[in-house]
Every structure is written in structure tokens, then in C-alpha cells.
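In what follows, a single structure is set out as C-alpha cells and then discussed.
The values are calculated or read from the model by the stated rules, or taken from the named source; none is laboratory data. Because the structure is predicted, anything quoted here is derived from the model rather than measured. Here the Cβ positions follow ideal geometry from the backbone for every residue, glycine too, while neighbour counts run over all protein chains shown.
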Amino acid sequence: MLLKFISCSLKLTAAATCVALSASTLPDLPEPVTNNAVASTSIRGKTYIVSFMGIGPGKQHSDIHNKVFMHTLGEFGWQTLPPVPSQQRLNGRVAASAVALNNNFFVFGGFSVNADGSEQPASDSYRLDPITRRYTKLNDIPVPVDDAVALTYQNRYIYLVSGWSDHGNVNLVQQFDNFTQRWSQATPFPGKPVFGLAGAMAGNTMLLCDGVALNYYSDKKPSYQSEPACYLGIVGDNANKIDWRLIAHPTGTARYRMAAINSQIDGKDMLVFIGGSTNPYNYNGIGYNGQPSEPDSKVWVFSVAEKRWLKAADTTAVMDLRSLIEIDGQIYSVGGMQSGQQVSPRLIHHPIKLQ
């Protein structure tokens, strides 16, 4: 898709002539990055895209960083913003969550990896003003999580659904109220607690799918297992009350670290799921089974009004996503891994074509 901006020139008659000029496609990130938290927002006619943290092409613990890049639509390239702070002095995070709410960006959770391979979850969260480019520390997440899903509601609430915390998954739906700046607990997630799940929300309806569960045994250590399951949640009059329903899975095969977004297709709300891998993996793209993971090209589209899955054409394969962005009605992934576990700087356009 070509993005447009308006250039106006004044003639001697004082009449203004405005010509629509075509801008190039969205520029690539300054450097390849994956497992980065991304979001976008529009303020006073300007649209901002931000990429928080993640891991670089080396895919080693030392490649995890706190870098933040922001692109202003219609301008060239990306600007480097101050790094995400850390009261724990973490050098970087992967598997964090980011959303845009009330003209600000919010970033939650994630984890860092120590030299010995141990993981350290982040408990602190921040709000970033894209205009002043300053961070404000928020109250800590009651239960720190990574690889969770962050959803916004009524331009006021943020839900953090499930995810990994220290030594296992949690079934919590932790709600942050941006008016009161307080956390509370909403109706718990009804399925197996998972990490690396994906979800999106339209109006008062959220849909969460897949991820990885931790299976326990009597005679051996717990193991990671893909969880092909989708749950629809409808928020009631009280934002802490969620009516959960099991929804038929679109394929029966779970995807890990795909991403989802609410989009309008033919004027109707659709929840669109893109990317991920059918082989769950560690932060380096190698599966927990020791096999290299490859990205998926399938697109799942859920009609909110009809409460059913629609068929859609495949898209560019990409995995290791935290979220998607929508610019001028078009969906993009930002960074991630492509074939061969290659860390990418690309902003990939994912046109949605129903079949």
C-alpha cells in the first residue's frame, strides 16, 4: 500500500493548491529485531509507530536489548528514543507487551536472560508519551508476566491475559485502570494457562487463541505442549467481569507467538490472527524439541458479528511476533523472524483477502 501525505503550495493570488503525493512504503526498522513489543497511535493528525526492546540477529542472551525506535508517518526513517527504564537494571527484555491507550504507549512485563541461561521476569511497567518522549513509571504488575496478551477496552482499561510468571503459567486476567492507576483481577482465563498466546478485542469482545501449556507428570519433569484452544470473552457492565466461552479452533493445530488485531473488513469487526509457528521454541528460534522452528503463512479471520471463522488467503510467513499494527486500514507486522529463524527489520504488509 502507498501512504499519502499532502503538500500545499501558495500561489501569488494567495490561493492554495494542494497535491496528494505518494510516499514510499513504511521504512524498515533501523536494525533487525524480533520478539519486540509494538504499537501505534495517532495524535493531532500524526501517526506514531513504536518498537520496544527485543532481541537482535545473534539471538543470544547478550543480544536482548532495551532499544526503542519510533517512526512518525510521513517522515523518513526511524528515530531512536530513550531506552525503556528498569528498576531491576535489566539490560533488555523479550516477550514484553505494548499497547496504545489515550495518546500514550504502555509497556508491560517481559523477561531478561542471564549468562547462565536463567530468566529474570520484569515486574515494572511504564507509560511513554510519544510527544515528550518521557517515561512514567506505573504501579508494578501484581503478578509479573511475560508472553502474555495485552488488550485495551473503552480507552481506559488494559487487560493482561495469562502468560508465564517465574516458574509457570498463570490463568490470571490482570486489569490496569488508567483512570485510577490501579491494578485489579478480572474473571480468570478459563482454559489451560499458557504463554505465547495471541488475542485481539473489538468493542467488549475479546478472543484468545493457542500458546503453550506446561504439562505435569508423576514420573518425569514437566514438559511444554502446544495448546490448540480459543476462548471468547465478553466484558459485562463491570469491566472486571468477563463471560468466557469456548470457540471451535480454526485448524486444530496450535500456533505459538502469532499475533492478532481487530480490523474492519467490509465495515464489520474482524479479529485477524497472523504468523507464529506450529513448533514452540525458545527465544533463539530453536524448538523445545530441539528442531528449528519455521514461520507460518496462514491467516485466521474471526467474524465478531457472526461468531465464526472465515477463510482467508495466506500471507508472508513470519513468527516471533508480540502484536500487529494497522495503518490506514492495512495490517503490518514489525520485525520478527522469517524463514530460517532470520531476524528481520521489515515492516511486512499483510493484505487480508477473504475466500
Near pairs, Cβ below 9 angstrom, 6+ apart or cross-chain, from the range 265-276 (within 12 Å of GLU306 (Cβ to Cβ) and in contact (Cβ under 8 Å) with a residue 24 or more places away in the chain) to any residue that is of a type in the set (Phe, Trp, Tyr) and in a strand (DSSP E or B): MET270/PHE302; LEU271/TRP300; LEU271/PHE302
Meets criteria (assigned to a strand (DSSP E or B), at pLDDT 95 or above and among the hydrophobic types (A, V, I, L, M, F, W, C)) for VAL50: yes
Strands (runs of 3 or more DSSP E) fully within the range 275-355 counting 1 or more residues that are within 17 Å of the chain's Cα centre (by Cα): 299-303, 325-327, 330-334, 347-349
Within the range 144-179, considering residues that are of a type in the set (Asp, Glu) and assigned to a strand (DSSP E or B), the one farthest from LEU207 (Cα to Cα): ASP177
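Table: residues versus (1) among the small types (Gly, Ala, Ser); (2) not in a loop (DSSP other than H, G, I, E, B).
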| site | (1), (2) |
| --- | --- |
| ASN139 | no, no |
| PRO142 | no, no |
| GLY199 | yes, yes |
| ALA213 | yes, yes |
| TYR217 | no, no |
| LEU232 | no, yes |
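Here's the yes/no breakdown for (1) acidic (Asp, Glu); (2) touching a Ser or Thr at 6+ places or on another chain (Cβ under 6 Å); (3) closer than 21 Å to GLY54 by Cβ:
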site: ASP116; (1), (2), (3): yes, no, no
site: TYR126; (1), (2), (3): no, no, yes
site: PRO130; (1), (2), (3): no, no, yes
site: THR136; (1), (2), (3): no, no, no
site: VAL149; (1), (2), (3): no, no, yes
site: HIS167; (1), (2), (3): no, no, no
site: GLN174; (1), (2), (3): no, no, no
site: GLN181; (1), (2), (3): no, no, no
Pick from the range 129-160, criterion over 16 Å from GLN175 (Cα atoms) and not charged (D, E, K, R), ranking: nearest to the chain's Cα centre (by Cα): PRO130
Residues of the range 110-125 classified as crowded, with 19+ Cβ neighbours inside 10 Å and part of a strand (DSSP E or B), total: 4
Sole residue being of a type in the set (Lys, Arg), modelled with pLDDT under 95, more than 19 Å from PHE108 (Cβ to Cβ) and surrounded by fewer than 23 Cβ atoms within 10 Å (Cβ to Cβ), chosen from LYS192, LYS221: LYS221
Residue match in the range 256-269 (condition: modelled with pLDDT of 95 or more, farther than 15 Å from ASN35 by Cβ and either in a loop (DSSP other than H, G, I, E, B) or in contact with a His (Cβ under 6 Å, 6 or more places away or on another chain) (or both)): no
THR315 vs. criteria surrounded by 19 or more Cβ atoms within 10 Å (Cβ to Cβ) and over 24 Å from VAL94 (Cα atoms): yes
Boolean, VAL107 is surrounded by 21 or more Cβ atoms within 10 Å (Cβ to Cβ), under 17 Å from ASP146 (Cα atoms), of a type in the set (A, V, I, L, M) and in contact with a Gly (Cβ under 9 Å, 6 or more places away or on another chain): no
Failed condition for ASN171, given (1) more than 17 Å from the chain's Cα centre (by Cα); (2) surrounded by 14 or more Cβ atoms within 10 Å (Cβ to Cβ); (3) closer than 30 Å to PRO27 by Cα; (4) of a type outside the set (A, V, I, L, M, F, W, C): (3)
Single residue of SER333, SER339 found to be among the polar types (S, T, N, Q), under 28 Å from SER62 (Cα atoms) and buried (at least 21 other Cβ atoms within 10 Å of the Cβ): SER333
Any hit, the range 66-83, residues being in contact with a His (Cβ under 9 Å, 6 or more places away or on another chain), without any contact (Cβ under 8 Å) to a residue 24 or more places away in the chain and either within 18 Å of LEU321 (Cα to Cα) or outside any loop (DSSP other than H, G, I, E, B) (or both): yes
Matching residues, the range 37-76, being surrounded by fewer than 19 Cβ atoms within 10 Å (Cβ to Cβ) and on the phi > 0 side of the Ramachandran plot: ARG44, GLY45, GLY74
